[in-house]
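First up is the structure itself, then whatever we jot down about it.
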Amino acid sequence: MSGSHIKGTTLSGKELAATIRGEIKAEVSALKESESISPSVAVVLVGGRPDSATYVRMKKRACEEVGIEFTLLTFPEDVTQEELLNEVQKVNEDPSVHGLLVQLPLPDHIDTKIVLDKVDPSKDVDGCHPVHMGSLAMRGHSPLFIPCTPKGCLELLVRSGVEVEGKHAVVIGRSNLVGIPAAFLLLEANATVTICHSRTANIEEEVRRADIVVAAVGKAEMVKGSWIKPGAVCLDVGINAVDDDTRKRGYRLVGDIEFSTASENASLITPVPGGVGPMTVAMLLKNTLLSAQRAANKA
C-alpha cells in the first residue's frame, strides 16, 4: 500500500486514540470557555451483563479524561419496553444532554430496533439511527453522526497515511453497526468495495484480492494469513474470547483475523485488543463534542 510500511507493522489504535483524546480535551475546554457549554453524554444500561458494564466503564473513563460529562442511566433486567422508551424520551428533551447511547445488547423482551429508533437523531452519537445511515448511503448527503467503529477505522487509515482512493477494499460482515457503514465510508473515499458475508461464495478468493481488509464478522481468527495479499492493510474489528488455560482468567481475546499469520503478509495490521476498539471510544467522544458544538451554534 505504501513504500513506508514494512511487513507486519502493527497499527496501534491505542496510541492514535490517545492523541485524538488529547485533541478533543483541548476542544472541550475551549467550548466551555467560549460558550459556557459543557458537552454531556448519557448512557442507558439495562441489566447486569459484565461485558456491557465493562464497556460502559471504558466510556466513562474516556469521557472524564477529556472533560465530557457522563451520566449513567441503569435499569433492571425486567424493565418494560414502555418504561425504557419513556426514559429515552426524557433524555431527548433535556437540552443539557448532547449525546445519548443505548448499550447493547438489550434483554430479549425489548425490541432493540424500536428503542434505538426512539433516540433523537440529533443526539444519536452512536450514529445508528436510520436517518444517519440513509444520509451515509446517499451521495451529496452528510449524516449528523457517523457510526463510531467504522468512523474509527477510516480515521486509522487516514492518519496512518494509507491511500484509499482507487484501492480494492473488502469488508467482511454486513451488520448495521460496522459492515454496511464501513463499506459506505470506503466507497465515499473512492475505494472499490466488496462486501462479503455468510452467503458469499469463495470468500477466501475475494479477500485475496483486497488492498484493504476490514474484518467484522465475529468469528475468531476466521481470516487466515494465506488469505492476505502481500502489502495489504488489515483492520480487525472482531473481538472474540477463546479458551486459554495458560491465562489466569482462562481465556484470551483474539480478532477475526489470525494475527500471527496475517502479519507475515500485511503491511499494516491492527492488534486485538488495542486496535480498533480504542478508536471506537475516541469517535464516541468526537461525536459528542460535535453535538455540543452544534448546540452552541444554535444558541
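The values are calculated or read from the model by the stated rules, or taken from the named source; none is laboratory data. All of these numbers come straight from a predicted model, not from anything done at the bench. Ideal geometry is used to build each Cβ from the backbone, glycine not excepted, and the neighbour counts take in all protein chains shown. Please note that ligands, DNA and RNA were not included when accessible areas were found on the heavy atoms of the full protein model with its side chains. Shrake-Rupley method; radii C 1.70, N 1.55, O 1.52, S 1.80 Å.
Observations on the model:
- Thr80/Val131 FRET efficiency (R0 35 Å; Cβ-Cβ; nearest 0.05): 0.85
- Considering only the Cα atoms of the range 180-232, their convex hull presents on average a projected area of 3.9 nm².
- The C-alpha radius of gyration of the chain, expressed as a fraction of 2.2 N^0.38 Å, stands at 1.01.
- Extended-chain gain in nm, criterion 0.36 nm per residue less alpha-carbon gap, Ser260 and Asn202: 18.6 nm
- Equivalent ellipsoid dimensions for the range 28-98 as semi-axes, Å, which come from the Cα gyration tensor, largest first: 26, 17, 5
- Restricting the range 1-100 to trypsin sites (Lys or Arg not before Pro) that sit in a DSSP loop and have at most 14 other Cβ atoms within 10 Å of their own Cβ leaves Lys7.
- Solvent accessible area, Å² - Glu163, 1.4 Å probe, full protein context: 100 Å²
- Counting DSSP beta bridges with both ends in the chain, the antiparallel % (nearest 5): 10 percent
- At q = 0.16, 0.22, 0.25 Å⁻¹ the log10 of I(q)/I(0) for the range 86-163 amounts to -0.69, -1.05, -1.18, computed by Debye summation with a single uniform scatterer per C-alpha, solvent ignored.
- For the chain, a crude dipole built from +1 on the beta carbon of Lys and Arg and -1 on the beta carbon of Asp and Glu, taken about the Cα centre, is about 600 debye to the nearest 20.
- Note on Lys248 and Asn176: their simple-model spin labels are 4.0 nm apart, each label 7 Å out from Cα toward Cβ.
- Cα-based Rg and Dmax for the range 130-284, where Dmax is the largest Cα-Cα distance (Å): 15.2, 52
- Exposure of Leu177 as accessible area (Å², to 10), given a probe of 1.4 Å and all protein chains: 90 Å²
- Dividing the summed -39500 (n - 2.57) terms of all DSSP H runs of n ≥ 4 by the residue count of the chain sets its mean residue ellipticity at 222 nm at -12500 deg cm²/dmol.
- Only helices reaching 18 angstrom along their own axis (Cα) with mean Kyte-Doolittle hydropathy no lower than 0.0 count here, and for the DSSP H runs of the chain these are 276-298.
- Glu35-Thr112 FRET efficiency (beta carbon distance; Förster radius 35 Å; 0.05 resolution): 0.50
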